[in-house]
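The values are calculated or read from the model by the stated rules, or taken from the named source; none is laboratory data. For clarity, every value in this text was computed on a predicted model and none was experimentally measured. So basically every Cβ, Gly included, is an ideal-geometry build from the backbone, and we count neighbours across all protein chains shown. Surface accessibility is based on the protein's heavy atoms, side chains included, excluding ligands, DNA and RNA. Shrake-Rupley method; radii C 1.70, N 1.55, O 1.52, S 1.80 Å.
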There are 2 protein chains.
Amino acid sequence: MEMPSIYFERAVNQMAQLPGIGRKTAMRLVLHLLRRDREDVETLAASLSDLVANVRYCRVCHNICDDEECAICRSPRRDHSLVCVVENVQDVMAIEATQTYNGVYHVLGGIISPIDGIGPQDLEIDSLIERVRSGGVVEVIFALSPTMEGDTTCFYIFRKLADTAVKVTTIARGVAQNEQLHYTDELTLGRSIVDRRPFKS
Amino acid sequence: MEMPSIYFERAVNQMAQLPGIGRKTAMRLVLHLLRRDREDVETLAASLSDLVANVRYCRVCHNICDDEECAICRSPRRDHSLVCVVENVQDVMAIEATQTYNGVYHVLGGIISPIDGIGPQDLEIDSLIERVRSGGVVEVIFALSPTMEGDTTCFYIFRKLADTAVKVTTIARGVAQNEQLHYTDELTLGRSIVDRRPFKS
């Protein structure tokens, strides 16, 4: 489809490179921007420039932050002996939103996935091992996706930590809260029976 | 959900203002941008700034363009006596993509929709009437959506053009090409029988 303007075309091409945004959606978004005030669009453009110019990664947990260390790692009210290992920044925010966890995090930046060419060296695994070895960490909690890649990553890290005294746990898997039992997939339901636990009233 | 970085938060807030993009999607897009090369993101940001700074609207047909007049209005190979009235720029591109139309366009910039507070004065209707009155236009083709708003807009313009000699037509409505007859909605099917035309083999 021929575009009526080179600036329009460039903006559409750029937007269409975002994940999950095809050319039709990109065109719709750009036409929307043309209807907005010019300052609004400048603010959007500036926010993206500022983002890549200023966002940093916490040197301890690799969460994104604005300083050397993130607010969670700096907080004296958090339990720094408890380290929750997550795949990405979204997972940190998801767990924080539950308001049930008072420890700190370690963001791997992905999970081991040979099919996508992601090996242990591409992730923040060495820094995690080093963090545990340097002392102060009592428990490492795996909070990775319950997929083959997640399990592989857990197993890899578990083996690397074998010669340390750290306790290694993983978040509970089972039937989701408020889920209808007969809609739960077989694997989850089967495993939830095997992993049954004492009933507490 | 508390954000780990102010720059991250600002970018997410900005992206979430785009139509059809919620906060979760905005977050996913911004995290994707953080994984991209910094130059890529700068290019995206610049393309949006350039867009609002440089895109203009054709003074004849109000299509977006880079100059005073768009390439279609400037072209000597197009039939300037044939004016196709469309709602927006996407419609121009959609019709151009069919490669069946050799006339020119008039982009209204919307359709009459009292429920959205859009009246005739908000659209490029006066300029269309003036364009017809100033001569040279033999036929005006309505290519608006077959909705109540589209029909209202056609009717409004038709009345405004009543005292001119211009021929007014509208694009054909009926059963879509390759559509299964029994899946066609009743209104379309019924109208396609009323509007039946001589069979040409």
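Of note:
- Distant-in-sequence amide H partners of A:Tyr57 (H built 1.01 Å from N, under 5 Å): A:Cys65
- Candidates B:Asp163, B:Asp37, B:Asp122, ranked by Gaussian network fluctuation over chain B, Cα under 10 Å, top entry: B:Asp37
- Candidate lysines for bridging to B:Lys24, where Cα separation is under 25 Å - those fewer than 8 sequence places away on the same chain excluded: A:Lys24
- For the range A:26-40, residues shielded by at least 30 square angstrom of accessible area compared with the chain on its own, probe 1.4 Å: A:Arg28, A:Leu29, A:Leu31, A:His32, A:Leu33, A:Leu34, A:Arg36, A:Arg38
- Delta accessible area of at least 40 Å² on complex formation, residues of the range A:86-128, 1.4 Å probe, chain isolated as reference: A:Gln90, A:Met93
- Cα-based shape type of the protein assembly as shown, given that a ≥ b ≥ c are square roots of the gyration tensor eigenvalues and the cut on a/c is 1.5: prolate
- Selected from B:Ser127, B:Ser47, B:Ser145 as most flexible by GNM, with chain B as the system and alpha-carbon contacts under 10 Å: B:Ser47
- Per-residue HN-Hα couplings for the range A:101-106 [Karplus 6.51, -1.76, 1.60; θ = phi - 60°; Hz; x = Gly/Pro]: 10, 10, x, 10, 10, 9
- In the range A:53-67, the residues whose accessible area drops by at least 50 square angstrom when the other protein chains are added to the isolated chain are A:Ile64, A:Asp66; the probe is 1.4 Å and only protein heavy atoms count.
- Summing charges over all other residues whose Cβ lies under 15 Å from the Cβ of A:Val168, with Lys and Arg as +1 and Asp and Glu as -1, gives +2.
- Backbone geometry of the range B:68-73 corresponds, through the Karplus equation with coefficients 6.51, -1.76 and 1.60 at θ = phi - 60°, to 3J(HN,Hα) couplings of 5, 10, 7, 4, 5, 5 Hz, x marking Gly and Pro.
- Beta bridges per DSSP with both ends in the range A:77-198, % antiparallel, nearest 5: 5 percent
- Helix-only mean residue ellipticity at 222 nm for chain B, each DSSP H run of n ≥ 4 adding -39500 (n - 2.57), per residue, nearest 500: -12500 deg cm²/dmol
- For the pair A and B, total buried accessible area rounded to nearest 100 Å², probe 1.4 Å: 4900 Å²
- According to the Cα-based calculation, Rg over Rh for the range A:77-198 is 0.98, with Rh computed by the Kirkwood formula.
- Candidates A:Ala143, A:Ala53, A:Ala176, ranked by Gaussian network fluctuation over chain A, Cα under 10 Å, top entry: A:Ala176
- Residues whose amide H comes within less than 5 Å of that of A:His106, counting only those at least five positions distant or on another chain, are A:Cys84, A:Val85, A:Val86 (H built at 1.01 Å from N in the peptide plane).
- Portion, in percent, of the accessible area of chain B that falls on carbon or sulfur, probe 1.4 Å: 51 percent
- Cα-based shape type of the range B:6-54, given that a ≥ b ≥ c are square roots of the gyration tensor eigenvalues and the cut on a/c is 1.5: oblate
- Measuring from each Cβ of chain A to the axis carrying A onto B, the nearest residue and its distance in whole Å come out as A:Ala45, 2.
- Excluding ligands, DNA and RNA, the accessible surface per residue across the protein assembly as shown is 59 Å² with a 1.4 Å probe.
- Cα centroid separation - the range B:138-201 against the range B:1-60, whole Å: 40 Å
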